[in-house]
1. Using the Karplus curve 6.51 cos²θ - 1.76 cosθ + 1.60 with θ = phi - 60°, what ³J(HN,Hα) values do you get for each residue of segment B:333-347, in whole Hz, with x for Gly and Pro?
2. Between B:Gly293 and residues 5 or more places away or on another chain, which pairs have amide H atoms under 5 Å apart, with H built 1.01 Å from N, and which residues are they?
3. Treating only the Cβ of Lys, Arg, Asp and Glu as charged (+1, +1, -1, -1), what charge dipole size does the protein assembly as shown show about its Cα centre? Round to the nearest 20 debye.
4. Do you know the relative contact order of chain B, to the nearest whole percent, from alpha carbon pairs under 8 angstrom that are 6+ apart?
5. Taking the dipole about the Cα centre of segment B:13-168, with the C-beta of Lys and Arg at +1 and of Asp and Glu at -1, give me whichever of B:Gln156, B:Leu114, B:Leu95 is farthest to the positive side.
6. Treating only the Cβ of Lys, Arg, Asp and Glu as charged (+1, +1, -1, -1), what charge dipole size does chain B show about its Cα centre? Round to the nearest 20 debye.
7. Within segment A:166-209, whose backbone N sits under 17 Å from a point 7 Å along Cα→Cβ of B:Ala85?
8. Which of A:Thr95, B:Ser58, B:Ala127 sits closest to the plus end of the dipole of the protein assembly as shown, meaning its Cα is farthest towards the positive end, when Lys and Arg get +1 and Asp and Glu get -1 on the C-beta?
Amino acid sequence: MIFRRYNTSVLAVVALGLLLIYYYIRQPLILSPFGAKILANQGTTLALAALAQLVVVLTGGVDLSVGAVVSLSNCIAATYMGSHPASVIAVCVLTLAVGAGAGLLNGVLVAYGRIQPIIVTLATLYIFSGLALMVRPQPGGLVPPFYANALTGGWGYLPYALVALFVVLFAVWTPLMRSRLGTAIRAVGDNPGGAHMSGINVPRTLILAYVMGGVFAAAAGLYLTAQTTSGDAAIGTSYTLNSVAAVVFGGALLGGGRGVAPGPVIAAYFLSIIISVLFAAGISPFYQSVFQGGILMVVLVFGNLWTLRTRNWLTILKN
Amino acid sequence: MTRDTNGTGPLLDARAITKSFGGVQALNAADFACDRGEIHALLGANGAGKSTLVKIFSGVMAPDSGTITFDGQEVTFTSPADAGAKGVATVFQELSLFAHLTVAENIFIGHEPLTRLGQVSGRRMRATARALFDRLGIDHLNPDALLSDLSLADRQLVEIFKALSRDPRLLILDEGTSALGRTEVERLFALLRKLKSGGTSVVFISHRMAEIREFVDRMSVFRNGALVGTVAAANCSDEEIVEMMLGQRVDKSFPERSPLPAAAPMLLEVEGMSGGSRLRDISLQLRGGEVLGIAGLEGQGQGELLLALFGAYRRLSGRVMLHGKPAKLSKPWIAKRAGIALIPEDRKTEGLVLPMSVRENISMATLPAYGRFGFVSLKRERRFVAQMIERLEIKVGSMEQPARALSGGNQQKLVLAKWLATGAEVFLFYDPTRGIDVGTKRAFYELIAGLAREGRGVIVYTTETSELAGLCHRVLVMDDGRMVRSLEGDEITEPKILAASFGLGDGAKPEKVPA
């Protein structure tokens, strides 16, 4: 059944649910308009970065430059945004265009350079980080309050962050994935030779997937700018590996071909919120990373236990 | 339904097509012509150039030289997309499907029906898929099922539907029916005839001679990269065709069955095995030196039985005895250690590691044997691999060649070599000659008979009834996961095996399903 495709997201949903319940027991204040806003704001950047990573992972690749594009767009936005609404909008569009350009470079190198995606994006990771430093050698910049409010504020229990995320998911992501391009992206990741034999333009599909990834990564940078209200060339670094973790946690296959948006997005919130939960649980920041990694490992292993119930070992090894 | 055509000559006319890979000449000035509205079989031993020719027609590769005229115009097929746009659809030997997409998505990949907003219309896709299934009388395929959940036979159906969905002018089936059961093949050909009367031409490659003879109009035989001749299917005998293919007369007989010694030791006993996806209360016995055949209609649990004996399933009930001692075959490596070998259904994914060399593939299951202090002695490994290559007459340029580069028959020999190396006592063959040319098939029959002569036990499941009749000492017939009949001695004939498979009375001639 087609809904089975969404089964891969169940693990992330359950994990986030349990995490929030535990958080609420520890800190009942999170169940308030303010708490909802904090929770939503915390994960939205990584959620967008996870979408950027997911579209590339679906093609069977991996994008190590996601974090660098987040930094670069953060620096461009915070540096050139100004305070007039018109200039803010113009700079936002420019930033997304820069993201698209970054993705285009990745895509062209992967599709026509015949280089492994991991190597291509490692190289461009350095390039984009360098560009971010050129734009903004020192942290700082100017972000108008109305911009920050529009993305991090809230209306009662409804944080604007979630509104923004849902707009991206339903007005951009879903239509793209339900177009022929979306099927082609999954087909290329699933069986590139078969995709070629089926008359799919594989290089074009790859390039468009990386461009999409670049745009989503730039969107993550724009959101981060609203959150931190400043630009910092090093701020995006952690988003590369965290986005990969969110994508895997969210049930996508690193080999490509399988993955739906809800899983990685929800996993992104889990991975972002868990830091505060560990803090609320009184765990020393020194041990935070160990706990973070440990919890991620336990959840993933637990989530995969069901596959071991399968009767045929061959089906396990093939997945 | 008739089509606009340019002129009345052949739909496809290829002249003097030449193609070489490295030093190997795959096609050498090959000619081929296919008329409008005919079913045309391409025959030839493996390596005769059929698949290369088909790949050129479907835009996968370009010829080194030669001309192709399609519908009266000289063309070049620059890519699969280009060939598709010109009206050529191909069902490839290597399935070109997507495991994580649904059946409908696989069928319409690249030309999905769209809504007005440019979105893929799931509703129309499902409806069109169902309409296609109806044309072939297939009612068990669910358009929303994920491809990874389908059997190999069903995947092949999907591959065929995928080609049909493009409403092609020329439909090419490259070994497109090797996993299909008899009924499905007959339904397919009924549909192909319908297409043909609408003006579509069909080019068909298959190693199942019987299948070809009945349904096609003309046959073109290839040998060593060139056309030997094109004949009308109606007035040409099997022997003549084989002679054209091989360039010499070969008799179709199977190797002499070695008599089963009365005191042959019991190798394997199974009692009341149930489980897996559909095995129910299976009991069987295998003696040393015996070739035991598993028959029945397609998909009655034969494959599951072999996998179960090889330890691929967990939680099986029942008892297994090896050499008279109870054995628990719960994992493949345990089965391997117990002396069981499986030549699996899909040699490309389950039998071999295609990018690895011939040497590495052969020695894979027995690496420790060439070792010294935990390191592999390349010298001993090479010596051993060379022996195997000679013993099984595997045609390789060098043992460092990747397995991918070998023909289907030689790949299958690699799988067998790997398991021979383990010194296994019980050999399980899962449709061992699927997609293999006649000459190599005979070599395989010899090998199977040879294993039995050496006192090993062999269990063979094959979709070709003639192989069961020609090779086995005993044939067990499966139906819906159960053993329903055991045939021995004089009962082992093609008609009787078929009759038992169809659940018909003793020795009755099987009713042919009307096409």
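1. Along segment B:333-347, the couplings run 5, 5, 4, 4, 5, 7, x, 10, 10, 10, 8, x, 4, 10, 5 Hz.
2. For B:Gly293, whose amide H was placed from the backbone, the distant partners under 5 Å are B:Val460, B:His473, B:Arg474, B:Val475, B:Leu476.
3. Using only the charged Cβ atoms, the result is roughly 1740 debye.
4. Computed over chain B, the figure is 15 percent.
5. Of the options given, the answer is B:Leu114.
6. Using only the charged Cβ atoms, the result is roughly 1420 debye.
7. A:196-205
8. Comparing the listed Cα positions along the dipole, A:Thr95 ranks first.
Read-outs throughout are calculated quantities, based only on the coordinates presented, and are distinct from any laboratory measurement. All values reported here derive from a predicted model rather than from experimental measurement. Because the Cβ atoms are built from the backbone with ideal geometry, glycine has one as well, and the counts that use them run over all protein chains shown.
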